[in-house]
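K.L.:
Sharing a structure below in structure tokens format, with a few things to ask.
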Amino acid sequence: MWEKVKSAPVAISFEDIIVLPGFSEVEPFDIDTTTRFSRNIKLSIPLVSAPMDFVSNDKVASILAAMGGIGVIHRNCSIDEQLKIVRRVKECDVYKDIPSIKPDYTLRDTISYLKKLEEKVALIIDDNNTIGIVKLCTLSGSVRVSELTTISEVLDEVRKEQTVSKLININEDNILIEMYSNTVGLKPSLDSDEKLMVAAACSPFDYSRLKVLNDAADAIVIDVAHFHTKACMEAVKRIESEITADLIIGNIGTYNAVKDALSKLEKVDGFRVGIGSGSICKTGEETGVSAPTLFAIIEAKNALRELSMDIPLVADGGVTSVASALKALVLGADSIMCGRYLAGCLECPGPLLEIEGRKYKLYRGMGSLTARLERLLDRYSRTTKLISEGVEALVPYQGSVIEVIHKFVGSLKVAMGYAGAKNISEVRNARIALLTPNTRKEIAPHSVIKIDSEMFWELLKKQ
Ligand code: XMP
């Protein structure tokens, strides 16, 4: 038995490593985040929404695809309902259904547009590409410009100065616009008919759903907690020849799972990797079995290397920051699937709650008791399973998903710059180091009494 212990691999987590700085030749502006979701689906940004009922609805999936990522529509509903959500993404008109403006809008047009929609944030779209976002805000210390200045004039200034944002004071009412352009050149994820791309989650045992969604979506994401079973493999084997959309297999967490899947299945266009790391998961705690996301990426990547196969990996679970996303990319992931990172957004399906003056949204695991109660055929609650494998939760409200995605891209570009990579394939060359508990403390703010920016500002102004 000691041999088993001595030869055990280390199940590293996001908090166990750091990425080391690397020689960088480019500014964050010029960094390219293009990647792949699956064999045939290219993305401008490596961000994918998790198929969870409090995350991936048509709004989140449409905005994500418009900004270069892709949403996976959950299956915690009838086939008809899931199909409707997928269709709504396909029918989405970026200029009508998503808060968005064109670069020739004046600042005055932009303000009245946002006010009419009662929105605070909108995409700036030029010739189908996202070139930035505008945001109504209330900070001071801005540059004063005319109301008739156009969005593209401001963006030109921002780019010339190599900054990522500009704060503009428009009129006497102190209306301010914050404008960012670090999303320059993000291409929407479009199919061959120029419609937004979308993926759909399906159980391998739900043949009717698979058939219907295969015709409507660009990718099918097999949605089981533990794919590496005889029953799952046989179920996919039976239907794989009928699947014309890209087929992403998961979840898997080990070298053997990749090898077995590839020896038995003909059609594998991607792997969804990671078991038990999700913010709302309790599989690992309840069962003692899990394959944390970073560990799962390493295992899957090793198997693919050995087979000389290049199949994209979707890292799934536990990514709550750009720092974690970067680590997953460095170790071999091609895209990052997020539940918690997006769940606090305005557009997500859960209600917006206010508790003791703070705003929250509801979020839950798809194996939680309440989610299981709401469905018949699912990934965590088959009759053989007696336990809940997920929890119900609150997450802090984060505002518009446009802003959250925008921050993700901006911060990822900065992170890639530090790592010395100008694109995703170069990220793989970055070095990593293992952390000690002391380093972990040292690399976060420490030895000070932290206060929030607003309080700091107030205190400074009083002096
Ligand atoms: P994050 O950390 O982004 O994780 O919130 C999202 C991923 O967690 C998985 N998931 C679950 N895992 N029990 C689990 O063990 C659950 O109830 C559950 N619900 C979701 C899933 O892979 C998702 O993408």
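The values are calculated or read from the model by the stated rules, or taken from the named source; none is laboratory data. All values reported here derive from a predicted model rather than from experimental measurement. Methodologically, a virtual Cβ is constructed for each residue, glycine included, from the backbone with ideal geometry; neighbour enumeration extends over all protein chains shown.
K.L.:
Would you mind finding the one in D53, D30, D97 that is within 16 Å of the ligand (Cβ to nearest atom), within 24 Å of H406 (Cα to Cα) and surrounded by fewer than 24 Cβ atoms within 10 Å (Cβ to Cβ)?
P.N.:
After ruling out the rest, the residue left standing is D53.
K.L.:
Which condition from (1) of a type in the set (A, V, I, L, M); (2) in contact (Cβ under 8 Å) with a residue 24 or more places away in the chain; (3) closer than 21 Å to P349 by Cβ is the one that I101 breaks?
P.N.:
Going through (1) of a type in the set (A, V, I, L, M); (2) in contact (Cβ under 8 Å) with a residue 24 or more places away in the chain; (3) closer than 21 Å to P349 by Cβ one by one, I101 breaks only (3).
K.L.:
On to the next question. For the stretch 318-348, which residues satisfy the criterion of being within 15 Å of the ligand (Cβ to nearest atom) and either farther than 19 Å from R272 by Cβ or assigned to a loop (DSSP other than H, G, I, E, B) (or both)?
P.N.:
Those that are within 15 Å of the ligand (Cβ to nearest atom) and either farther than 19 Å from R272 by Cβ or assigned to a loop (DSSP other than H, G, I, E, B) (or both): G318, V319, T320, S321, V322, A323, A333, G339, G344, C345, C348.
K.L.:
Residue under question is E458, and the condition is that it be acidic (D, E) and not assigned by TED's automatic domain parsing to the domain that holds L43; does it hold?
P.N.:
Numbers: acidic (D, E): yes; not assigned by TED's automatic domain parsing to the domain that holds L43: yes.
Yes; evaluated as a whole, the condition is true for this residue.
K.L.:
Take the conditions more than 11 Å from the ligand (Cβ to nearest atom), in the same structural domain as S388 (by TED's automatic domain parsing) and under 18 Å from the mean Cα position of the chain (by Cα) and apply them to I248. Does it pass?
P.N.:
Yes; evaluated as a whole, the condition is true for this residue.
K.L.:
Give the residue that is nearest to the ligand (Cβ to nearest atom), with candidates limited to residues of the stretch 272-317 that are assigned to a helix (DSSP H, G or I) and modelled with pLDDT under 95.
P.N.:
Applying the filter and picking the extreme gives T283.
K.L.:
Which of the residues spanning the stretch 104-141 are free of Cβ contacts under 8 Å to residues at least 24 places away in the same chain, within 17 Å of S400 (Cα to Cα) and surrounded by fewer than 17 Cβ atoms within 10 Å (Cβ to Cβ)?
P.N.:
Selection gives Y113, K115, K116, L117, E118.
K.L.:
Hey, which of the strands (runs of 3 or more DSSP E) in the stretch 1-49, taking only ones fully inside, have at least 2 residues that are at pLDDT 95 or above and aliphatic (A, V, I, L, M)?
P.N.:
Correct list: 17-19, 41-43, 47-49.
K.L.:
For the stretch 261-271, enumerate the residues that are within 16 Å of the ligand (Cβ to nearest atom) and farther than 16 Å from T229 by Cβ.
P.N.:
Initially, the stretch 261-271 is screened for residues within 16 Å of the ligand (Cβ to nearest atom), giving 270-271.
Hit for the stretch 261-271 is G270, nothing else.
K.L.:
Could you tell me whether S368 is crowded, with 19+ Cβ neighbours inside 10 Å and either assigned by TED's automatic domain parsing to the domain that holds V48 or of a type outside the set (F, W, Y) (or both)?
P.N.:
yes
K.L.:
Taking the condition within 22 Å of I18 (Cβ to Cβ) and in contact with a strand residue (DSSP E or B) (Cβ under 6 Å, 6 or more places away or on another chain), does T320 pass?
P.N.:
no
K.L.:
Shifting gears a bit: Can you tell me which residue is farthest from the chain's Cα centre (by Cα) among those in the stretch 354-371 that are within 10 Å of the ligand (Cβ to nearest atom) and farther than 12 Å from A393 by Cβ? So that I can check it myself, show each step before the final result.
P.N.:
Here is the first cut: in the stretch 354-371, the residues within 10 Å of the ligand (Cβ to nearest atom) are 363-369, 371.
From what is left, the residues that are farther than 12 Å from A393 by Cβ are 366-367, 369.
Working: M366: 17, G367: 20, L369: 25 Å.
In this case the residue turns out to be L369.
K.L.:
Just to be sure before I move on: is S241 away from the ligand (no atom under 16 Å from the Cβ), free of Cβ contacts under 8 Å to residues at least 12 places away in the same chain and not aromatic (F, W, Y) in the structure I sent?
P.N.:
no
K.L.:
Now, a different point. Among the numbered conditions (1) within 28 Å of L435 (Cα to Cα); (2) more than 16 Å from the ligand (Cβ to nearest atom), tell me where R36 comes up short.
P.N.:
Going through the list (1) within 28 Å of L435 (Cα to Cα); (2) more than 16 Å from the ligand (Cβ to nearest atom), R36 breaks only (1).
K.L.:
If you go through the stretch 193-208, how many residues are surrounded by fewer than 21 Cβ atoms within 10 Å (Cβ to Cβ), of a type outside the set (D, E) and touching a residue at least 60 places away in the same chain (Cβ under 8 Å)?
P.N.:
4
K.L.:
Tell me, please, whether a residue that is touching a Phe, Trp or Tyr at 6+ places or on another chain (Cβ under 7 Å), away from the ligand (no atom under 16 Å from the Cβ) and assigned by TED's automatic domain parsing to the domain that holds L64 can be found in the stretch 425-436.
P.N.:
The answer is no; no qualifying residue exists.
Results for (1) in contact with a helix residue (DSSP H, G or I) (Cβ under 9 Å, 6 or more places away or on another chain); (2) within 30 Å of T149 (Cα to Cα), shown as yes or no for each residue.
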site	(1), (2)
D80	yes, no
R87	yes, no
E91	yes, no
K102	yes, yes
L107	yes, yes
K116	no, yes
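K.L.:
Something else about it: Regarding the stretch 229-243, can at least one residue be identified that is surrounded by 24 or more Cβ atoms within 10 Å (Cβ to Cβ), in a loop (DSSP other than H, G, I, E, B) and not small (G, A, S)?
P.N.:
No; the residues of the stretch 229-243 include none that is surrounded by 24 or more Cβ atoms within 10 Å (Cβ to Cβ), in a loop (DSSP other than H, G, I, E, B) and not small (G, A, S).
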